[in-house]
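In what follows, a single structure is set out as structure tokens and then discussed.
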Amino acid sequence: MTVAALSESNNFGEGVAHGAPGHSDVDGIPLPGLAVWGNLAIYIVAWALLMWPQHLPLGRPGIAVVFAALACGLRAVCTVAWPSEQYPPVAVFEKIEVTPLALLLGLMLVNAYLKDTGVWEHVERVLDSASPRKMLVKICIVSAAMSAILLNDTTCFVLTPVVLNLCAKHQARSTMPFLLALSTSSNIGSSLTIIGNPQNALIAVICTSITFMGFVRAMLAPVCVGLALNTGALLVHYHKTIVFDKPAVLDTPAAAAAADVLSDTMAGIDLECSSERSLTPRAGPQWVAYLAAVAGVIGVMLAGWLSGLATDQVAVGAGAMLMLARAMRRRIAGSRSTITETEFALVKGVDYTILMLFAGQFVLVGATVDTGLPQTIFRAVLGPCAENLNASAGCMLWFSGLVMILSNIIGNVPVILMLEPLLASQPAHSARDVWIVCAWVATVAGNLTMLGSAANLIVAHAAESLGEHSFTATRMAKFSVLPTIATTAVGLAFLPPVGSEMASTAVFVASICLCVVLAAHSNRAALLSLLAPRAKGTDDTGPSASAGGSPGGRSPTKPVEDTVSSSPSTHTPGGVESLREA
């Protein structure tokens, strides 16, 4: 369903503000108070359970689907109870936004084949470091860069097992700062492009004056400064827990085999698929041709996005072409495996529970928007500023605060859908600036709470599926409030009308310098190796470093054992200790 059709069908802004008390209009038909306030109660309970799912063993995808069904059932009860009023049921399939679901599906397929080429193993080596602070900085930079190209949701889906694997390898005292670095940096980095997250893609469709490179130029400075600020906040807030205890040394065949099993399991690769690798040659001209085909498909996918083609269609098409390329390679190589590409990619490569989580949230939020309550709150709170949000910096700041709050209550994509008719009345010359500000605030606001961004839920869900339960809404909130508000405010200083052009240029130069310093610090060992030869065995990711050596000839840091003994192995992902003991 198109955005324009959705706005026409929902009569945005009419709702409670223009109807009788306790009523809202859907397709011109007022809803009864039972439907309005009952739906609100359902949404509040669902919101609380999605934030703290441990109180009801449904799991987040199950919670979203069950409470979406309850909202639909409530509307059906109203339809049956008052047949003469002809209350419309919830249009389930119209509420589900197909574009982000198809985009995520396509990128999951692409990820399965990138994983098959071994690219994520190289990414893991890039992220690895004997220094926990350096590894956290690397996670922030890499996840932000990947999110700008591969979507923040996909980046979190791919890198969560990689980060947990590294934490298990080094026996990190807590996985929380590293998982939080992944989710928050992915959200900030995704603000850079219109393909970085679903709400940016939606905004680009609504406001046709926004171009790909124009959006990048507007967002580059806020993203760089916001990423630097968020990374610094993580290093300061978790300075006591960013510690590696007893770095793992895989010096025996049994331990090495256990690590291989762990790596495959945490990357989502079934053991049967791992054995299939040994049945198909992974060297020679055929393998090189396959790698070239994968690189070519990825290049065409990026070119399609840059040229303005539909992001979801391009992603699904790229996934389909990769399925065909791998099947042809196996056929030519004479593979003896009986695993089909359907089983490899569509069964094992796609996490359908995440898609169900999205679909359930779309229906639940769509039913809530039908009540008219969110739209009424928007217009009542904005007051005179609703006519021209770009009239003053005060109006834009007031609008930004409201977007931040509602993005964490009903989600950033539904907020964009709800804002379309409101912003359609804005002056033409300022509409582009308002939408760009909205894109920045709605995306970065996702770092405020667990429900603020689907990327947070994906990290939590993926970690829980691997036995790691430390990434919770409460623990996230202890860090996220102040850094998120500060990051949002600093980013607004670059965007009109809040920030002046001169100040924006000055801070832009400073942001580039900060990013260069961060990148240089995170890769200091690599830079030093270019300037002067290193002694053998001093690489910070090599076995000699964990065995006792350290970069630059410094004595290694003694593992902190006393503080860990009180809570043994509870900070490592589930199943890690048993694999090591094997």
Set the bar at 19 Å for Cα to Cα. Now go through K169/K478; K169/K348; K134/K478; K138/K478; K134/K169 and name every pair that lies beyond it. K169/K478; K169/K348; K134/K478; K138/K478
Work from the charge dipole of segment 285-440 (Cβ charges, +1 for Lys and Arg, -1 for Asp and Glu, about the Cα centre) and give the residue of A391, A310, W440 farthest towards its positive end. A310
Could you give the length gained by full extension between S425 and Y352, i.e. 0.36 nm per residue of separation minus their alpha carbon distance, to one decimal place? 22.4 nm
Simple spin-label estimate for L235 and T338 in nanometres, 7 Å along Cα-Cβ: 5.5
Stretch M328-V98 to full length: gain in nm at 0.36 nm per residue minus the Cα-Cα span? 79.8 nm
In whole Hz, the Karplus estimates of ³J(HN,Hα) for segment 404-417 (6.51, -1.76, 1.60; θ = phi - 60°; x where Gly or Pro) are 4, 5, 5, 5, 8, 9, 10, x, 6, 5, x, 4, 5, 4
Please list R330, R125 in order of solvent-accessible area, largest first, computed with a 1.4 Å probe with all protein chains present. R125, R330
For the pair T208 and V481, the simple spin-label estimate (label points 7 Å beyond Cα toward Cβ) gives in nm 4.5
What are the ³J(HN,Hα) couplings of segment 173-185, residue after residue, when phi is run through the Karplus curve with 6.51, -1.76, 1.60 and θ = phi - 60°? Round to Hz, x for glycine and proline. 4, 8, 8, 4, x, 6, 5, 5, 4, 5, 5, 5, 5
Taking H placed 1.01 Å from N in the peptide plane, check which residues at least 5 places from A172 or on another chain put their amide H under 5 Å from its amide H. D245
Going from most exposed to least, what order do L322, L150, L220 have by accessible area with a 1.4 Å probe? L220, L150, L322
Enumerate the amide H contacts of L31 below 5 Å, restricted to partners 5 or more residues apart or on another chain; note that Pro and chain-start residues carry no placed amide H. S24, D25, V26
With N residues in segment 291-338, Rg(alpha-carbon) / (2.2 N^0.38 Å) equals 1.34
On the full set of protein chains, 1.4 Å probe, figure out the accessible area of S129 and give it in Å² to the nearest 10. 0
HN-Hα couplings for segment 290-307 via Karplus (6.51, -1.76, 1.60; θ = phi - 60°), in whole Hz with x for Gly/Pro, come out as 5, 4, 5, 5, 4, 4, x, 5, 4, x, 5, 4, 5, 5, x, 5, 5, 7
Surface accessible to a 1.4 Å probe, V288 within the full protein complex, Å²: 90
Accessible area per residue, Å², segment 288-411 with all protein chains present, probe 1.4 Å: 42
For the full complex of protein chains and a 1.4 angstrom probe, list V77, V297 by accessible area with the highest value first. V77, V297
Quick check: pseudo-label points 7 Å beyond the Cα along Cα→Cβ at Q286 and L40, how many nm apart are they? 6.5
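The values are calculated or read from the model by the stated rules, or taken from the named source; none is laboratory data. Computed from a prediction, not measured in an experiment: that's the story for all the values here. Backbone-built Cβ (ideal geometry, glycine too); neighbour counts: all protein chains shown. Accessible surface areas use protein heavy atoms only, side chains included; no ligands, DNA or RNA. Shrake-Rupley method; radii C 1.70, N 1.55, O 1.52, S 1.80 Å.
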